[in-house]
Structures are given as structure tokens and as C-alpha cells.
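Quick notes on the structure that follows.
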Amino acid sequence: VGTERRPVLPAMGWKRKREEKRRAQQSQGDGKGDGKGDGKGRRPSREDEKEDAEHCAEHGGTSDEDCEQEVKRRSVPEGGSGGGDVWREGSGVWELVNASFEAYYKHQQICPEEDFATFLETLRMGLPAAIRVNGTRSGSRALRARLGDMRDFCSSDPDRECYMPHQLMWYPHGLAWHWRGLERRTIKKDRRHVQLKEYLFQRELRGIISRQEAVSMLPPLFLAVEPHHDVLDLCAAPGSKTSQMLEVMHWAQTLEGSGPPTGTVLANELQWRRANMLAHQVSRMGSPCAVVVNMDAQYFPDMWAPPGPNDVREPFRFDRVLCDVPCSGDGTMRKTPFIWKTWSFLSGLSLHIRQLNILLRGLDVLKVGGRLVYSTCSFNPLEDEAVVSGALQRHGDALALVAPPALEGLSAAHGLESWEVPNPVKEGEFFKAYADVPLELKTARKNRLLPSMFPALTSEAGGSDIRATVRKNCCRFLPHLMDTGGFFVVIFEKRSEFRPSARARREARRKDGPNQAKQTDGGKKVEAADAKDSPVAEDADAAEAEAEPEAAGPAKAETQAENVPGQVPQGLKPFSREHVCIQEADPEEWESIADFYGLDKSLGRRLVLRGNSKQRLYLVTEGVARLLRSDSRLPTRMVLCGVLAFRRAESYHIDACPWELVQDGVSALCAIGMQRRLALPRSLLQRLLVERDLTLEEVRAAISAGDVSKLQVCGCLALELHLEADEPAGSGVVVAAQVSDNALELAASNVEAVALLEDLSGQPPVEEILGVSLAGAATDEALEEKRAEDPPDGEG
């Protein structure tokens, strides 16, 4: 499991039962079922199930089993026995109304009263489809130009206006676009848009675009990631934000012509199945910066960097941390309307303490001077401002909020200065302060009300300042402001090291001996100070009892014990036991690889083997290599590390190296100076990608004409585009190939070859992209005739 990209095996129990039930109904009658349904409903497609799983992964405090049960529940409409449309209830359209939702948020005053009706109206509309162009691909320039052509082509005709893409001006380099007149579900299901759907699907498959909600792109932008940064994404699945941060790491290299990045993007996910889905998503980027691990974000371990001068060990801290925490997800109602039916005010209460624990852990592993972004796709202040306020109260002046960047066209509401906490046993009743909460709710085992859920008290020192900074620096992206989904984003900056928690200080005193605190009067004063920790600080310690049972236990104690700065704990283990650099594992093998491919011998520490298998070599950056040499006390389950660069060949030429190039990592190898490469003219490279091999006579003829550099000896090599005088620099097209006795053969797969060919040849014309769609949308009569001839799945 890991970088081999093995398929993730889903739990098939309920799917098999549903299929058996459907077959039984078909064998008994006409396949329409014996219930009250009209037989025109359809079973959810694989695309539906994939989207449902992605939603649960991105917005959940729910397990995979809960997600599957939700998909199963939605597949059977009320009053019917067949699988109904997930967007319908019975025979009618879902009613997008929830009285509890409206009453709760109207009471919390999340927007001015005069805007609340507009807020609800926008929330009931479909969400505009949005894409993010992968700027690290050489074809991104042509794709951006084609999107501009599409905008000009459709702007003059009202019938084509829905196909007009609009650039998101706040996103750098013109890499983000959306369609105001089309939502993702419409593009996927409406037959009139089949041509546009196919175009977007193929570009996403080839990795040149990612379909991502517009406001979901904001947290990575607010982080201000730079190529040398060590970045941690604590709750990374399904991986859209991780991929975005990897793209940003490579912007300076691909868009500005500077050197390759040296930093790290470490993505973490709690559930193993979702961690593998995340690894698959991230591996498509082909970045040596990428690492994926599987652990609980609440107990992410402290790490210690390799020994420096004089064998001094420093904590391994991150320059940037993203906490896009699991949440109730009511900000996504525009694309997941079933939340209108399932929403409950209890969701925020149950998730609050988990979100606070994740935020506090992210702040612990952040460097002094570093930046952390906390975000949710929820409107609930218990998941948003309450968590932010709780962290500020716990750490005081060591922590500060930073104003959001000034981006063109970005519009957001301020954070809430005050809010009220609902009574979990009586809907509609609220508490303004923790002192008003009855004792039974303070000590309840479920949905306990905690001090961190309430606004900072103005009567306490710093309370008014905390309220003011929360209101000023928190961003609430409400749907009606920019025609987007709902999102909450805020930026933290760590100003100094944190004071150890009360629990960590008690553990330290216990290790030093029971009489240590009695030695001096000063010690007694410290003990007294410990007893007077703020309610939020004690709340965070008590919160761990509310955490998931499987995450508690030894991991909790070890993490807290390591929280004392300046002390290197005993019993440290390598952060990853599986990955070993080839320079240490097999120096002679590395010498032969370096000599054959013309690589610097010092790069051996950046090429790593995984486990006992000596069949694959992964290229990593300096930052990832430093991470792999770090130690921690907790075991790490690593799913992905770097990019696959070499694979041991099953058979090879006698003069060749037994390690062959892999298309995923060939660009990264060329970026660090690999000498074994060959430049081909555009026409010859295009022919190779189509035909998959060229005779050596053709290649030698091109060499004699001066179009190709000197041909290398037999074995694998990298092919680059030979640029003419009038062609722009920075094409970035690099292809893995192999020289045999009589031919030059392509080493890339068919899918990779098609993507590379498009990078070389450019995008199809707008008429080809939209032609079938526009013809199909000409008249309603034509559409009805087409449907009669070829009905959708599940109809007729």
C-alpha cells in the first residue's frame, strides 16, 4: 500500500444487497418495484457514490460507514422501493427548508437582518462549477488562453451565456475560473452539456485541471506558502488543498523560471482508506515535496530534527500549518442539499472540542514566526469563532491573528464578536455565558458545555481585545457575497514559544520527584499558579476525555509529555523506519546509477528505498530528506513519500543501467541536473507520442540536420523539447524514453502520452468544445426528440 497506487477496496456489503434486491424485483415483474414509486427513479451512478464519499471525507466528523449508510438511505426515496434520484424526495423535488436551521442562524445573527432572506435564497441555489488550472503543467498557458477565448465566444450571445467562464480575479496567475450559469451537477447530468462535461473530465483525468469549490481555494492562498517552507496539512483528505499547496510550491520554478522547491508538504489523514485516496490524488502531481501519513491530527507527534553542530537536537517545526478541520459542513448546502434535511444544532456542540484539539496541536508544532490557517465549511460560531477564541485565551500574547491578504474582488463578512451557546436538551434555548450553564450540562457525558464554547468575558483581562481581534481578522465567506459556498477562514501567527500546559508541568514535577515543589517558596508559588490556569486551558485538558476512544491512551500521554520545550525525550525512534536513502542502503548501486544518468553523487541522500523492496527509488526534496532523518516517540504510518523516479527493470540492454526512468519523476530529475537527456524538435516528439517508437535512422537524420543533440547509448533517457528561436522558453515538456539497438521507444503510458501530446499541440478550438452542447440546446423540441430516441439511464 502506498505509492504503488493499488486500488482501494470499498466495503461492498450494502451495495451487493442492493444489487440483489434490484435483480429480485426485475425477476418478479417489470423492474419498477412493487412500492408507490413510478419506476422512473435511477440508481446512483458511480460518479454519485464517489462524490458522496468525497463529501463525507472533506466535511465529516463522520466515519466511512456513516457515509455509506447515508448514501444507502438517500438511494431509496420515501414511498418507493427502487433507487430514487438523490436530489428528489418521493416523486417531487426536495424541499430546501429547515426551520431549525433558519431559526438558529437568525438568532446567532451571522449576517445583518436585512440580508438574511438573500442569504437563504442564495443558499437554495446551485453552486457555480469552478476549476483550478495546474500551473505546473506546460499546457496550462494554452488552457488559460482557451478559457479566455471561450469567454469572448459566449459573451456576445445570450443563448451561450451559461457557457461563459469567468476568471476568479483574486486567484494568482489567472489559474482559477468558474461558470456562473452552470453548476457541477447540471454539467454532469444534463445531456445538453455532454460535450463540455467530456472536455472537463478528460482535462481532470490528465491532471491539468482540478474541479474544486471556489472558496475552498482560499485557505492555501492565505497561508502564503513559499518553495523553501515545511508545510503541514493536518486534515488533508480528499486532497484538493494539498495538491493546491504543492502547485504553489512549484510556481516559482514553472512560472518564474527559478530553481526547484526545497521544502515539504506533509499531508495527514486519520482514516487509512481516505489516506490512500489522498495519496492517489497527491501522487498525480509528481512532486518530490509530497509526503502522506496516517495518524490522528489531535495527537500529531512532536519530532526532533537530525543532530546539528555539537550534536544539539532541535524540535522539527513547520513554517506553515493548515487546519481545515472536520466540520458539520452546512456551508456546502448548495452542492449537497441533503444537509437541509439532516442538519441539527447539536453538530457544532459535538465537533467543537475535536476542532479545538486539532487547532491547538497544529499551533504546538508551528515555528515561532510561522503562520497557521484555521478553516471550516460551516456557518456555526461554535465551530468557528469559539474555537479561535479558545486558542487565543489559552496562549495569550504568544499568539496573534493576522489580517487577511488584500486580494482583488474578494468579499467577506467580519467574524462574530459575540454568540450564544444552545441548550443541547432544549432546542431554542441559549446561554450567553458559562456561568449561566446548569451543573448537569457542565458534567454531562455527551454534549457537555465547556468554557471554550463561549465568547471571552469582557470582565476578564484581555477579553475585550480578544473579541475585537476575532471580529476584525476572521473572514466569513457567505454565499450571497460572491455567489459561492460558505466558508470560515482565519490566520494565526505564533509570536513566541508557548508556556507548557498544566498537565505537562504536573508530569514534569512528578518525574522530578514529589518533594521538588517544596524546596523553595518560589516552588509553592508556581504550584499555586498552576492551580489557577485559565478555564480554557483546563478545558483543553479535560477535552481529551471527550476525544475518540481509539485515539486516546498511550498516544495522549506521550504527546503531552513531549510538550516541555528544551527537553529531548528518551526512546526516540525514526519518523519513518521504512524509507532509507540508497546512499546508505547500497552505495555501490547508487554509484552505478549516478554514473549512468549523470547525477551529482551528493543526491544519494535524496533518493530513497521503501522497506525491504529494492525495486523502486523515490526522489525527495532536501526538506523531506530532513524529515525522514528526524525522530519521534510515536510510530508513523507513512503512505507516500516523494515521487517515483526509478524502477528496476525486469530485462535491460547489456550496456544499460538496470534502473529505468519513470515518467512521474523524470521532470524532477531533469530539474536537479540529470545529464542523460536528448532534445527533439516538436514534430518528432509529437510523432513519438503518437506512434510510441521511432527508428534510429530518423533520429540520426535529425541529429545531422542540427535539430537533435548527441544521441546517448542504449538505455533510458529523458526527452526534452528542442525550442526554435521564435518559441517561448520554459515549455517544461519532458518525456521518459528508451534507446534500443534500432529504435527510440516511449516509456510513458498511453494516458500520460495523451496528456503530453496535448501539452505540445495545444487545446481544441472553442467550437469543438461547445459545438455539440450548443446544437443540443437549440430548442426544447429538439431536446425532447433526442431524449425520446435515447432516454437516460433508468428511464423508459
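The values are calculated or read from the model by the stated rules, or taken from the named source; none is laboratory data. Bear in mind that the values here come from a model prediction, so they are computed numbers and not experimental data. Virtual Cβ from ideal backbone geometry, glycine too; neighbours counted across all protein chains shown. To get the accessible areas, we keep the full protein, side chains included, count just its heavy atoms, and leave off ligands, DNA and RNA. Shrake-Rupley method; radii C 1.70, N 1.55, O 1.52, S 1.80 Å.
When the convex hull of its Cα atoms is viewed from all sides, the stretch 631-715 shows a mean projected area of 8.7 nm². Ordering Asn294, Pro260, Pro309 by Cα displacement along the dipole of the stretch 232-375 toward the positive end leaves Asn294 in first place; charges were set at the Cβ atoms of Lys, Arg (+1) and Asp, Glu (-1). An ellipsoid equivalent to the stretch 367-426, defined through the eigenvalues of its Cα gyration tensor, has semi-axes of 24, 19, 10 Å when rounded to whole angstrom and sorted largest first.
A simple rule links phi to the HN-Hα coupling: the Karplus curve 6.51 cos²θ - 1.76 cosθ + 1.60 with θ = phi - 60°, which for the stretch 282-295 gives 6, 5, 5, 6, x, 9, x, 7, 7, 9, 10, 10, 10, 7 Hz, with x for Gly and Pro.
When each of the peptides 132-138, 239-245, 691-697 is scored by the mean number of other C-beta atoms lying within 10 Å of its residues, the order from highest to lowest reads 239-245, 132-138, 691-697. Near the amide H of Ala645, within less than 5 Å, lie the amide hydrogens of Leu617, Tyr618, Leu619, all on another chain or at least 5 residues away, with H placed in the peptide plane.
Heavy-atom surface analysis with a 1.4 Å probe gives the stretch 268-400 a carbon and sulfur content of 50 percent of its accessible area. Leaving out ligands, DNA and RNA, what percent of the accessible area of the stretch 431-510 is carbon and sulfur, probe 1.4 Å? Accessible surface attributable to carbon and sulfur in the stretch 431-510 totals 49 percent.
A protection proxy built from the mean count of other Cβ atoms within 10 Å ranks the segments 472-480, 288-296, 205-213, 350-358, most packed first, as 288-296, 350-358, 472-480, 205-213. Given a 1.4 Å probe and every protein chain left where it sits, what share in percent of the accessible area of the stretch 603-647 is carbon and sulfur? Of all accessible area on the stretch 603-647, carbon and sulfur atoms account for 42 percent.
Each peptide in 662-672, 373-383, 186-196 receives the mean, over its residues, of other Cβ atoms within 10 Å, and ordering these scores from highest gives 373-383, 662-672, 186-196. Considering only Cα-Cα distances, which of the following residue pairs are longer than 24 Å: Lys106/Lys432; Lys106/Lys335; Lys106/Lys188? Result: Lys106/Lys188 exceed 24 Å.
Report the calculated FRET efficiency for Ser459 and Phe430 (r = Cβ-Cβ distance, R0 = 25 Å), to the nearest 0.05. So, using R0 = 25 Å, E works out to roughly 0.80.
What is the stretch 563-677's relative contact order, in percent, from Cα pairs under 8 angstrom and six or more apart in sequence?
With pairs under 8 Å counted, the relative contact order is 29 percent.
Remark on the stretch 157-314: ratio of C-alpha radius of gyration to 2.2 N^0.38 Å is 1.26.
Model label sites at His107 and His414, defined 7 Å from Cα along the beta-carbon direction, differ in position by 2.5 nm. Measuring r between the beta carbons of Val194 and Ser344 and using R0 = 41 Å, the FRET efficiency lands at 0.60. Net charge in the neighbourhood of His107 (other residues with Cβ under 12 Å of its Cβ; Lys, Arg +1, Asp, Glu -1) is -3. Can you give the log10 of the normalised intensity I(q)/I(0) at q = 0.29, 0.31, 0.34 Å⁻¹, computed with Debye over equal Cα scatterers of the stretch 319-362? For the requested q values the scattering log ratios are -1.01, -1.07, -1.17. With all protein chains kept in place, the per residue accessible area of the stretch 562-711 amounts to 46 square angstrom at a probe of 1.4 angstrom.
Across all directions, the shadow cast by the convex hull of the stretch 306-427 built on its C-alpha atoms averages 11.1 square nanometres.
Two decimals is fine: what's Rg over Rh for the stretch 288-359, C-alpha atoms, Kirkwood radius as Rh? Intermediate results must be reported in sequence, preceding the final value.
On the way: Rg = 18.7 Å, Rh = 15.9 Å.
In the stretch 288-359, Rg relative to Rh is 1.17.
Per-residue surface analysis assigns Tyr652 an accessible area of about 120 Å², computed on protein heavy atoms at 1.4 Å probe radius.
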